[in-house]
Amino acid sequence: MLDTTAAQDEQYRQAVADYGPALVRLARAYEANPDTRQDLLQDVHLALWRSFAGFDNRCSLRTWVYRVAHNAAASHVLRTRRAKTGSHVSLDEIEEQGGLPARDENHPSLEQAQILDRLYAMIQSLNPFDRQVILLYLEGVDAVSIGEVTGISAGNVATKIHRIKTILIGRFRNGENHDQR
């Protein structure tokens, strides 16, 4: 058991070293509230560590990490919605909970931070499957790998990405942050 745990620990450390910042961005895109976002991130890390007990290298480490992280985030969304008796979060709640990110090298100006916040709010309003696809796309994951994570063909991924981008661009131009479907 010690060797299995040591291998699991090493795979987890490698995954976090390679994809840790992507996991933080994923948590931010799924959860507006900073405290709940930290809880989600901890859930993702725990799920990821546990998952390496069954990792058999049939897919790339990247695909495995994204699949586990998105599944954990989707479960979080479902639990949160059930806890809120099925109601959607209003824009006012998102704005109150989200705040602006701290200024650092990733957010050099207040205007850019506000634009990023709007984008995250729009992504948060998408249904979980669309959110998963667009977040993987924004992380630079190719269509084939997105298909492996989500279970749809690469052609369907490309179509889905195009449709989601069209929706987000339209909402951004119209100053919208919420789902109108």
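Every number here is computed from the coordinates shown, using simple stated rules; none is lab data. Bear in mind that the values here come from a model prediction, so they are computed numbers and not experimental data. Reconstructed Cβ throughout: ideal geometry from the backbone, glycine too, with neighbour counts over all protein chains shown.
Observations
- Peptide ranges 67-76, 155-164 listed from the most packed, as the mean C-beta count within 10 angstrom indicates: 67-76, 155-164
- At R0 = 25 Å, FRET efficiency that the Cβ-Cβ distance of residue 127 and residue 172 yields, to 0.05: 0.90
- Placing dummy labels 7 Å off each Cα toward the beta-carbon, the span from residue 35 to residue 119 is 2.9 nm.
- In a fully extended conformation the segment linking residue 18 and residue 46 would gain 8.4 nm over its present Cα-Cα distance, using 0.36 nm per residue.
- Placing pseudo-labels 7 Å out from each Cα toward the beta carbon at residue 9 and residue 79 gives an inter-label distance of 2.5 nm.
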